[in-house]
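Enquirer: Here you go, one structure.
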Amino acid sequence: MPGTPVLLVIAHGSRDPRHAATVHALVRRLRSLRPGLRVETGFLDFNLPSVHGVLESLAADGVRDVVALPLLLTRAFHAKADIPAVLRDAPARLRIRQAEVLGPSPLLLSALERRLYESGLSPADKSSTGVVLASAGSSDPEAIAVIADIAREWWHTGWCAVRPAFASAGSPAGFPRTEQAVAELRALGCARVAVAPYVLAPGFLPDRIARGAAEADVLADVLGPAPEVARVLLERYAEAVVSAPLALGA
């Protein structure tokens, strides 16, 4: 539709080809939910097209308004520094709104449960199953607090217990790795232990999560192109459309 801002989904990028393939699958699902919306994908690193290249192409096409949506689950360094820096280099004719990151959202909790049930659990297993909420990790206090809050909220929906875990070596000391959280839940007496990766696409850190889940009973898949994730993208887009454009020259 004329006058409707273009949605630019900004992914981190990875040397692992599964990452880009998953991002593109999610964007295809998003387009199927909103057929009239122009959706483009740009990567910060490793993959093409780059965010800067997509912005240049949009300006050349005569596009005026863009919503830049970080394909990130928490507000950490990429959302606070990397992406705003790239957007400040955008062509001057573009009016850009940076949408919020995807999490936290009740829809993402629904997507996590979907992945666990697809991996063999059932709703009847909740009260006897401990879950490791395994995220990539961060050194950003805000992002860490959000992961802890999500784990607490998810536990209150009926699981035996939910423990956050972090895959990145950059996370603060004292925060458990996946294998440590699995052992904690075993010691707590949960009848079974499941690992739910709170990550969007495969890659180096998700593979580390999978290795850490070796002693768990269930390992769920990454969130990937789950329909709930696509719906969160549309929610963040709608919220950003009514916000003020970024002051890119600041």
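The values are calculated or read from the model by the stated rules, or taken from the named source; none is laboratory data. These figures come from a predicted structure and were not determined experimentally. All Cβ positions, glycine included, derive from the backbone under ideal geometry; neighbour counts span all protein chains shown. Accessible surface areas use protein heavy atoms only, side chains included; no ligands, DNA or RNA. Shrake-Rupley method; radii C 1.70, N 1.55, O 1.52, S 1.80 Å.
Enquirer: Which of (1) over 22 Å from Pro84 (Cα atoms); (2) more than 19 Å from the chain's Cα centre (by Cα) is the odd one out, the single condition Leu58 does not satisfy?
Expert: (1)
Enquirer: Is it the case, given these coordinates, that Leu73 is surrounded by 16 or more Cβ atoms within 10 Å (Cβ to Cβ) and not aromatic (Phe, Trp, Tyr)?
Expert: On the way: surrounded by 16 or more Cβ atoms within 10 Å (Cβ to Cβ): yes; not aromatic (Phe, Trp, Tyr): yes.
Spelling it out, Leu73 is indeed surrounded by 16 or more Cβ atoms within 10 Å (Cβ to Cβ) and not aromatic (Phe, Trp, Tyr).
Enquirer: Another question, then. What are the residues in region 140-155 that are touching a residue at least 40 places away in the same chain (Cβ under 8 Å) and of a type in the set (Gly, Ala, Ser), if any? If you could, list the steps in order and put the result at the bottom.
Expert: Restricting attention to region 140-155, the residues satisfying the condition of being touching a residue at least 40 places away in the same chain (Cβ under 8 Å) are 140, 142-143, 146-147, 149-150, 153-154.
Result: Ala143, single match.
Enquirer: Here's another thing I want to ask about it. Determine, yes or no, whether Pro172 is over 30 Å from Val241 (Cβ atoms) and modelled with pLDDT under 95.
Expert: Numbers: over 30 Å from Val241 (Cβ atoms): yes; modelled with pLDDT under 95: yes.
Yes; evaluated as a whole, the condition is true for this residue.
Enquirer: Here is a further query. Scan region 185-207 and tell me whether some residue there is at positive phi, part of a loop (DSSP other than H, G, I, E, B), under 21 Å from the mean Cα position of the chain (by Cα) and surrounded by 20 or more Cβ atoms within 10 Å (Cβ to Cβ).
Expert: Of all residues in region 185-207, those at positive phi come to 189, 203.
Subset that is part of a loop (DSSP other than H, G, I, E, B): 189, 203.
Filter again for under 21 Å from the mean Cα position of the chain (by Cα), leaving 203.
Of the ones still in play, those that are also surrounded by 20 or more Cβ atoms within 10 Å (Cβ to Cβ) are 203.
Yes.
Enquirer: Further question on the same structure: Restricting the search to region 101-126, which residues are in contact with a strand residue (DSSP E or B) (Cβ under 8 Å, 6 or more places away or on another chain) and either farther than 30 Å from Ala68 by Cα or surrounded by fewer than 19 Cβ atoms within 10 Å (Cβ to Cβ) (or both)?
Expert: Within region 101-126, Leu116, Ser119, Gly120, Leu121, Asp125 meet the criteria.
Enquirer: Would you point out which residue out of Ala92, Ala79, Ala21 is under 22 Å from Val199 (Cβ atoms), open to solvent by 30 Å² or more (accessible area, probe 1.4 Å) and of a type in the set (Gly, Ala, Ser)? Can you show your working first?
Expert: Values: Ala92 fails: under 22 Å from Val199 (Cβ atoms); Ala79 fails: open to solvent by 30 Å² or more (accessible area, probe 1.4 Å).
Every option except Ala21 fails the conditions.
Enquirer: Scan region 127-136 residue by residue and report those that are open to solvent by less than 30 Å² (accessible area, probe 1.4 Å) and not aliphatic (A, V, I, L, M).
Expert: Thr129, Gly130, Ser135
Enquirer: Could you give every pair whose Cβ atoms fall below 9 Å, whose first residue belongs to region 78-96 and is farther than 29 Å from Pro141 by Cα, and whose second residue is open to solvent by 40 Å² or more (accessible area, probe 1.4 Å) and of a type in the set (Asp, Glu), counting only separations of at least 6 or pairs across chains?
Expert: Matching pairs, first to second residue: Ala90/Glu56; Pro91/Glu56.
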